[in-house]
Amino acid sequence: FYERRHDTQAVESYDWMLERVRLPDGSLGVACYFYDATLRHQAEEQLRRQGERDAFRVALEDTLRPLGDASAIVEAAARLLAADLQADRVVYGEFDDRGEQVEVVADVSPRMPSLGGKLPCEAFADLKTALRRGERVVRTVLEAAMPAQALVALPLHKDEQCVALLCAQRIGPKGWTD
């Protein structure tokens, strides 16, 4: 069983076993053994997550291999990523040479309005600043005025300059993890 400790919030895992035993006086008794299985369960969970990432990589490679058109590749990759992350929107956009606009190249948004076209960077200035520094941006809850309530955005660099972004969004709160 799994149990969250109240003092550290760590999740611990235990296995147990009951065994019938003969006591020194000849009567029967029960022995209960508890085993701390936390490390084993953590390793199993890590292997499960790695398997999921590997399966996504294989699916991505299989999907992209036959494609030759750059826009079809970006659109297909965004679609797979949206499905894998259960995101309500995945956007791939490229910064213009002056860094004033982002041209949305791919916008997979099954449950949100499309962002297609060119967007002024001042609309997301704090995000742009972090991406230019090469930082991953993770927000689990955004202000109520935004249609998305959670996002993760990654910068894409060429020659040490941020030239594009990849962003996944959720309508509801989401605890993004590595």
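The values are calculated or read from the model by the stated rules, or taken from the named source; none is laboratory data. Remember, it's a predicted structure, so these values are computed and weren't measured experimentally. For neighbour counting, all protein chains shown are included, and Cβ atoms are generated from backbone atoms with ideal geometry for every residue, glycine included. Surface areas here come from the heavy atoms of the whole protein model, side chains and all, with no ligands, DNA or RNA. Shrake-Rupley method; radii C 1.70, N 1.55, O 1.52, S 1.80 Å.
Within the set M17, M112, the sole residue that is of a type in the set (A, V, I, L, M) and under 17 Å from Q169 (Cα atoms) turns out to be M112. So, in region 105-128, exactly how many residues are among the small types (G, A, S), surrounded by 12 or more Cβ atoms within 10 Å (Cβ to Cβ) and part of a helix (DSSP H, G or I)? So the count comes out to 0.
Any chance region 59-68 includes a residue that's of a type outside the set (S, T, Y) and under 15 Å from the mean Cα position of the chain (by Cα)?
First, pick out the residues of region 59-68 that are of a type outside the set (S, T, Y): 59-62, 64-68.
Next, only the ones that are under 15 Å from the mean Cα position of the chain (by Cα) stay: none.
The answer is no; no qualifying residue exists.
Just to confirm my filter: which strands (runs of 3 or more DSSP E) fall fully inside region 1-104 and include at least 1 residues that are open to solvent by 90 Å² or more (accessible area, probe 1.4 Å)? Walk me through it before giving the result.
Numbers: elements: 2-4, 11-22, 28-36, 89-95.
Here the list reads 2-4, 11-22, 28-36.
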